[in-house]
Amino acid sequence: MCDRYQISDRAGAAIATPVLQDYGIITPEDTQIIDRNKLCRSRFSVRKELTNEAHETINDISAIYFDGRKDQTRVLVEREDEHLHQDTANEEHTVLSEPRNQCVAHVTPSSGKAKNIARELTDLGRERNSSN
């Protein structure tokens, strides 16, 4: 729920413990409360399980679609004794699979040329086949 509604771990813990008390699952004197660290660990493990399930179901891909976009990204550049912020244009492609319309990966080619984009996509395909 916290991920879906973009609630922090601290706020989620502050909501979850009183709800359990209201439903009589725990008592106010009970020491088994939900703290933010428990919630953080739980969210991490659930995300990991969902990611593993998604990677396992991507084996039956019938089509791949990709879309590219150039974004301005601020990077920290070190020059001699100073650190400067510089805006750079990065091209990123999102790879989707059908029939479930799942995100397979994000690739960032070295340049916007079709040859480099094709190389990144074929490398992604090889990685996926070797890991399965």
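Tell me which residues, restricted to the stretch 78-105, are basic (Lys, Arg) and outside any strand (DSSP E or B). Walk me through it before giving the result.
Step one: filter the stretch 78-105 for residues basic (Lys, Arg), giving 79, 100.
Listed by number, the list holds a single entry, Arg100.
What are the residue pairs meeting all of these: first residue in the stretch 77-92, first residue surrounded by 10 or more Cβ atoms within 10 Å (Cβ to Cβ), second residue outside any strand (DSSP E or B), Cβ atoms under 8 Å, and 6 or more apart or on different chains?
So the pair list comes out as Asn90/Thr108; Glu91/Thr108; Glu91/Pro109; Glu91/Ser111; Glu91/Gly112; Glu92/Thr108.
Here are some residues: Val75, Val46. Which one is modelled with pLDDT of 80 or more, of a type in the set (A, V, I, L, M) and not in a strand (DSSP E or B)?
Values: Val75 fails: not in a strand (DSSP E or B).
Just a single option satisfies the conditions, and that option is Val46.
The values are calculated or read from the model by the stated rules, or taken from the named source; none is laboratory data. Note that the structure is predicted; figures quoted are calculated from it, not measured. Backbone-built Cβ (ideal geometry, glycine too); neighbour counts: all protein chains shown.
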